[in-house]
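What follows is a structure written as structure tokens; I'll ask about it next.
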Amino acid sequence: MVNHLFLPLVVPLISAALSVMLGRWRLLTRTLTLGASLFNLGYSGWLLWLVSSAGRQVTQASAWAAPFGIALVADLLGAVMLFLAALLMFCTIIYSLLSMEPEYEQFFYYPLLLLLLLGVSGAFLTGDLFNLYVWFEVLLMSSFGLVTIGGSRAQLTGGLKYVALNLIGSTMFLIGSGLIYGLAGTLNMAHIGERLITQSEPGLTTVIATLFLFAFGSKAALAPLFFWLPESYHTPPPAVSAIFSALMTKVGVYALYRVFGTVLPGELVRLAPLILVLGGTTMVLGVFGALNQTEIRRVLSFTIISEIGFVAMGLGFASAAGLAAGLLFTAHMMIVKTALFFLAGAAEQVCGTGDMRRMGGLARREPALATLWFLAMIALAGIPPMSGFFGKLALLQAGVSQGHYLISGWAVLVSLFIFLAILKIWHEVFWKKPVEDLSQRPRLAPALLIPGALLVILSLVIGIGAGPVAELSTQAGTQILDLPGYIEATCGPAGCDAVTLRSH
Amino acid sequence: MILILAITIGCLFAGGFYLILRRSLVKLILGLILLSHGVNLLIFTMGDGVRRGAPPIVDKNGVAPINVADPVVQALILTAIVISFGLTAFILTLAYRANQVTGSDDLDSMQGEG
């Protein structure tokens with residue numbers, strides 16, 4: 001068996017190490033970074049095709065059979081997330097090459113990006129709970145470096161809150177992993193699922209599940225644990241904001257879907273009302289926060305929180321349809337949010353500020369930027385033909401068909417406010433007459449719009465070709481809840497308890 | 001033994017959360033350190049074999065050895081110690097830099113703007 005699932009981890013790791021060593025030769029570092037992310041993009045695209053046509057792919061570390069060694073398991077959920085992460089990282093690297101101040105490179109900007117990609121890819125692929133914790137720490141470590149890169153006052157204070165709250169979240173995750181090891185005697189996710197189906201202590205499992213909800217909820221910026229996000233997301237350079245909005249909260253979402261959907265489906269049913277309430281609260285708090293902000297990237301940060309509420313709602317429906325819709329919405333939101341952050345960065349570059357009260361007049365001055373923003377904006381609001389419409393439609397369909405009328409209506413209401421918040425940016429930044437004289441400022445390099453344009457087109461393609469994409473997400477939703485299939489893929493048809501150590 | 005450990009872990013968690021809720025940055029970091037110690041001890045108690053009776057290791061013939069502690073929890077704790085050591089070092093450096101820039105140790109006075 002070829003251990004190819006290690007490739008998307010090994011390639012970024014080696015490239016990051018090499019680019020630290022070769023930091024003096026900038027062109028070499030940049031080529032290496034771009035090459036590694038391109039490799040991950042190509043590989044994960046192939047893996048997604050393989051998983052959707054041939055089922056789950058598994059690699060056993062050092063050929064130790066699954067519950068004894070650490071298994072890497074790629075199912076549709078993992079493969080889709082891996083692909084999106086590689087795609088958005090690739091776009092971010094292109095955007096960074098075009099926009100980043102060269103002095104950041106001596107602070108190891110590109111190696112940090114690659115390590116972030118490594119941590120995220122590892123988290124999406126691992127089949128072991130403690131290993132998931134380790135990957136979380138890998139990606140957090142590099143994100144700490146990225147969020148404070150440059151070291152301005154706002155970055156340091158925002159970064160402190162980011163670091164402290166994430167450490168508390170990680171601690172909760174560690175407590176949960178420790179307790180689950182005590183309860184199930186294993187850390188392999190398939191094995192945990194297998195052993196906890198028939199359990200003697202349901203109360204203790206619920207305690208552990210609640211700890212996981214806290215831990216992953218704080219990573220995903222679920223209410224009331226989102227306060228680190230708006231403090232830190234708008235402070236680093238726009239490229240960093242964009243990749244954070246693409247990846248950081250989504251790893252939390254992935255962990256919620258994986259642990260509650262696959263490993264502890266019984267607890268998902270038990271905690272579903274709580275998750276729905278938290279999701280509904282997150283939606284409305286995020287959007288009201290967004291309406292109250294005057295800085296362009298702060299508005300966008302708060303709308304991330306609001307959308308996390310939608311994704312949590314998909315989880316709270318506790319059904320294959322809900323999870324599928326949540327995954328579709330997550331994919332849409334990763335693509336569109338990253339595009340919006342790219343475009344916001346370009347708008348800030350033109351105006352020299354991110355404060356919307358001092359911006360304006362960009363619709364006439366930069367029509368290409370305005371067109372792209374408009375398309376991304378209606379995608380975010382959920383207007384056809386962009387991808388957001390189908391994401392929200394699938395969520396509402398899942399909700400209504402299961403009789404969750406209240407939360408579905410609530411989501412429609414919140415969507416209107418999200419549109420209002422994003423419309424405010426449109427009005428202030430693009431339609432309003434310029435507040436300051438922009439004639440002296442340099443023109444925007446058209447190349448800077450390319451990564452954003454790519455993502456907007458992708459959103460349009462997902463919107464127009466919604467059929468196959470929805471089919472894939474439906475398949476993924478069914479697969480998330482298919483614990484027996486997950487166990488069989490990881491440990492073999494007889495289950496994890498039947499695996500014995502082979503003597504080599 | 002398990003009772004003493006449980007009380008110790010409880011005290012570490014209580015102290016850690018109390019310190020985290022204080023406004024001072026240094027106390028926040030000390031609280032995080034206490035919390036990580038508490039978690040390490042908690043994982044340690046999970047390996048006592050109370051629930052399962054034996055550590056998950058077998059010899060070549062598939063027989064569980066006697067008088068052996070659970071090696072998995074020790075590996076987990078070692079990993080967790082290394083990670084929390086690295087993160088503590090990072091957050092201390094960050095706090096030092098933030099203190100240099102803002103001239104304050106009070107989290108409430110460190111608002112993002114300005």
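The values are calculated or read from the model by the stated rules, or taken from the named source; none is laboratory data. Quick caveat: nothing in here was measured; it's all calculated off a predicted structure. A quick note on method: Cβ atoms are made from the backbone with ideal geometry, for glycine too, and the neighbour counts reach across all protein chains shown.
Give me the helices (runs of 4 or more DSSP H) completely within region A:322-407, filtered to those with at least 2 residues that are modelled with pLDDT under 90 and touching a His at 6+ places or on another chain (Cβ under 6 Å), ordered by residue number.
A:387-401
While we're on this one: Being more than 30 Å from A:Met313 (Cα to Cα) and buried (at least 17 other Cβ atoms within 10 Å of the Cβ), is that true of even one residue in region A:408-424?
No - not one qualifying residue is present in region A:408-424.
Do we have A:Asp75 as more than 14 Å from every other protein chain (Cβ to nearest Cβ), surrounded by 22 or more Cβ atoms within 10 Å (Cβ to Cβ) and touching a helix residue (DSSP H, G or I) at 6+ places or on another chain (Cβ under 8 Å) here? So that I can check it myself, show each step before the final result.
Working: more than 14 Å from every other protein chain (Cβ to nearest Cβ): yes; surrounded by 22 or more Cβ atoms within 10 Å (Cβ to Cβ): yes; touching a helix residue (DSSP H, G or I) at 6+ places or on another chain (Cβ under 8 Å): yes.
In short, yes.
Just checking, which of A:Ala215, A:Ala255 is crowded, with 24+ Cβ neighbours inside 10 Å, out of contact with any strand residue (DSSP E or B) (no Cβ under 6 Å at 6 or more places or on another chain) and over 17 Å from A:Lys161 (Cα atoms)?
A:Ala255
Which residue pairs have Cβ atoms closer than 7 Å, lie 6 or more positions apart in sequence or on different chains, and pair a first residue in region A:137-159 that is of a type in the set (A, V, I, L, M, F, W, C) with a second residue that is assigned to a loop (DSSP other than H, G, I, E, B) and modelled with pLDDT under 90?
Short answer, once both residue conditions are applied: A:Leu146/A:Pro236; A:Val147/A:Pro236; A:Ile149/A:Pro236; A:Ala154/A:Thr235; A:Ala154/B:Gly112; A:Ala154/B:Glu113; A:Leu156/A:Thr148.
Quick check on A:Thr186: is it in contact with a helix residue (DSSP H, G or I) (Cβ under 9 Å, 6 or more places away or on another chain) and either within 11 Å of chain B (Cβ to nearest Cβ) or surrounded by fewer than 24 Cβ atoms within 10 Å (Cβ to Cβ) (or both)?
Against the criterion (in contact with a helix residue (DSSP H, G or I) (Cβ under 9 Å, 6 or more places away or on another chain) and either within 11 Å of chain B (Cβ to nearest Cβ) or surrounded by fewer than 24 Cβ atoms within 10 Å (Cβ to Cβ) (or both)), A:Thr186 qualifies.
(1) over 25 Å from A:Asp497 (Cα atoms); (2) loosely packed, with under 14 Cβ neighbours inside 10 Å: which one isn't true of B:Lys60, the others all being true?
Evaluating B:Lys60 over (1) over 25 Å from A:Asp497 (Cα atoms); (2) loosely packed, with under 14 Cβ neighbours inside 10 Å leaves (1) as the failure.
A further question on this structure: Output yes when any residue across region B:87-108 is part of a helix (DSSP H, G or I) and modelled with pLDDT under 75, and no when none is.
yes
I would also like to ask the following. Could you tell me whether region A:189-197 includes any residue that is among the charged types (D, E, K, R) and either part of a loop (DSSP other than H, G, I, E, B) or more than 9 Å from chain B (Cβ to nearest Cβ) (or both)?
Checked region A:189-197: at least one residue is among the charged types (D, E, K, R) and either part of a loop (DSSP other than H, G, I, E, B) or more than 9 Å from chain B (Cβ to nearest Cβ) (or both).
Something else now. The conditions are (1) away from every other protein chain (no Cβ under 14 Å); (2) among the charged types (D, E, K, R); (3) in contact with a helix residue (DSSP H, G or I) (Cβ under 8 Å, 6 or more places away or on another chain), and A:Glu471 fails exactly one of them. Which is it?
Here A:Glu471 clears every test but (3).
From the set of residues in region A:474-504 that are part of a helix (DSSP H, G or I), within 14 Å of chain B (Cβ to nearest Cβ) and in contact (Cβ under 8 Å) with a residue 60 or more places away in the chain, which is nearest to A:Tyr257 (Cα to Cα)?
A:Cys496
Residue-by-condition table, conditions (1) more than 20 Å from A:Gly119 (Cβ to Cβ); (2) of a type in the set (Val, Ile, Thr); (3) out of contact with any Lys or Arg (no Cβ under 9 Å at 6 or more places or on another chain):
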position: A:Ser15; (1), (2), (3): no, no, yes
position: A:Val20; (1), (2), (3): no, yes, yes
position: A:Arg26; (1), (2), (3): yes, no, yes
position: A:Leu32; (1), (2), (3): no, no, yes
position: A:Asn40; (1), (2), (3): no, no, yes
position: A:Tyr43; (1), (2), (3): no, no, yes
position: A:Leu47; (1), (2), (3): no, no, yes
position: A:Ala54; (1), (2), (3): yes, no, yes
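So, one more: For A:Thr235, which of the numbered conditions (1) within 12 Å of chain B (Cβ to nearest Cβ); (2) in contact (Cβ under 8 Å) with a residue 12 or more places away in the chain; (3) in a helix (DSSP H, G or I) fails to hold?
(3)
Would you check if there is a residue in region B:29-38 being more than 10 Å from every other protein chain (Cβ to nearest Cβ), assigned to a helix (DSSP H, G or I), loosely packed, with under 13 Cβ neighbours inside 10 Å and at pLDDT 85 or above?
The answer is no; no qualifying residue exists.
Also: Take B:Leu21 and decide whether it is closer than 17 Å to A:Leu165 by Cβ, crowded, with 17+ Cβ neighbours inside 10 Å and either touching a helix residue (DSSP H, G or I) at 6+ places or on another chain (Cβ under 6 Å) or at pLDDT 85 or above (or both). Before you say what the answer is, go through the steps one by one.
Values: closer than 17 Å to A:Leu165 by Cβ: yes; crowded, with 17+ Cβ neighbours inside 10 Å: no; either touching a helix residue (DSSP H, G or I) at 6+ places or on another chain (Cβ under 6 Å) or at pLDDT 85 or above (or both): yes.
No; evaluated as a whole, the condition is false for this residue.
Would you confirm, using the coordinates I've provided, whether A:Thr282 is buried (at least 24 other Cβ atoms within 10 Å of the Cβ), part of a helix (DSSP H, G or I), in contact (Cβ under 8 Å) with a residue 24 or more places away in the chain and under 15 Å from the mean Cα position of the chain (by Cα)?
So A:Thr282 does not fit the description; no.
A:Ile487 - would you say it is buried (at least 22 other Cβ atoms within 10 Å of the Cβ) and within 21 Å of A:Gly45 (Cα to Cα)?
no
Another question about this same structure. Regarding A:Phe68, is this residue over 23 Å from A:Leu115 (Cα atoms) and either outside any helix (DSSP H, G or I) or modelled with pLDDT of 95 or more (or both)?
Here the answer is yes, as A:Phe68 does meet what is asked.
Scan region A:200-228 residue by residue and report those that are away from chain B (no Cβ under 12 Å) and either over 21 Å from A:Thr282 (Cβ atoms) or aliphatic (A, V, I, L, M) (or both).
Those that are away from chain B (no Cβ under 12 Å) and either over 21 Å from A:Thr282 (Cβ atoms) or aliphatic (A, V, I, L, M) (or both): A:Pro202, A:Gly203, A:Thr205, A:Thr206, A:Val207, A:Ala209, A:Leu213, A:Ala220, A:Ala221, A:Leu222, A:Ala223, A:Leu225.
Please count how many residues of region A:88-102 are more than 22 Å from the chain's Cα centre (by Cα) and more than 18 Å from A:Leu28 (Cβ to Cβ).
Of the residues in region A:88-102, 3 are more than 22 Å from the chain's Cα centre (by Cα) and more than 18 Å from A:Leu28 (Cβ to Cβ).
Anything in region B:1-15 that is over 14 Å from A:Ile175 (Cβ atoms), of a type outside the set (Val, Ile, Thr) and touching a Ser or Thr at 6+ places or on another chain (Cβ under 8 Å)? List them, or say none.
Passing the criteria: only B:Leu5.
Let me ask something additional. Taking region A:427-448, which residues are part of a helix (DSSP H, G or I), touching a helix residue (DSSP H, G or I) at 6+ places or on another chain (Cβ under 6 Å) and within 18 Å of A:Arg364 (Cβ to Cβ)?
Restricting attention to region A:427-448, the residues satisfying the condition of being part of a helix (DSSP H, G or I) are A:427-431, A:446-448.
Those still in the list that are touching a helix residue (DSSP H, G or I) at 6+ places or on another chain (Cβ under 6 Å) too: A:428-431, A:447-448.
The answer is A:Glu428, A:Val429, A:Phe430, A:Trp431.
Let's see how each residue does on (1) within 29 Å of B:Asn40 (Cβ to Cβ); (2) more than 11 Å from chain B (Cβ to nearest Cβ):
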{"site": "A:Phe107", "(1), (2)": "no, yes"}
{"site": "A:Leu115", "(1), (2)": "yes, yes"}
{"site": "A:Gly127", "(1), (2)": "yes, yes"}
{"site": "A:Phe136", "(1), (2)": "yes, no"}
{"site": "A:Leu139", "(1), (2)": "yes, yes"}
{"site": "A:Ser152", "(1), (2)": "no, no"}
{"site": "A:Gln155", "(1), (2)": "no, no"}
{"site": "A:Lys161", "(1), (2)": "yes, no"}
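Continuing with this model, one more query. Please specify each residue of region A:165-182 satisfying the condition of being hydrophobic (A, V, I, L, M, F, W, C), within 8 Å of chain B (Cβ to nearest Cβ) and farther than 22 Å from B:Leu30 by Cα.
Result: A:Leu179, single match.
Let me ask something else about it. Go through region B:68-80 residue by residue and tally those that are touching a residue at least 12 places away in the same chain (Cβ under 8 Å) and away from chain A (no Cβ under 11 Å).
From region B:68-80, those touching a residue at least 12 places away in the same chain (Cβ under 8 Å) are B:68-74, B:76-77, B:80; that's our starting set.
Checking which are away from chain A (no Cβ under 11 Å) leaves us with B:68-69, B:71, B:74.
Residues flagged as touching a residue at least 12 places away in the same chain (Cβ under 8 Å) and away from chain A (no Cβ under 11 Å) within region B:68-80 amount to 4.
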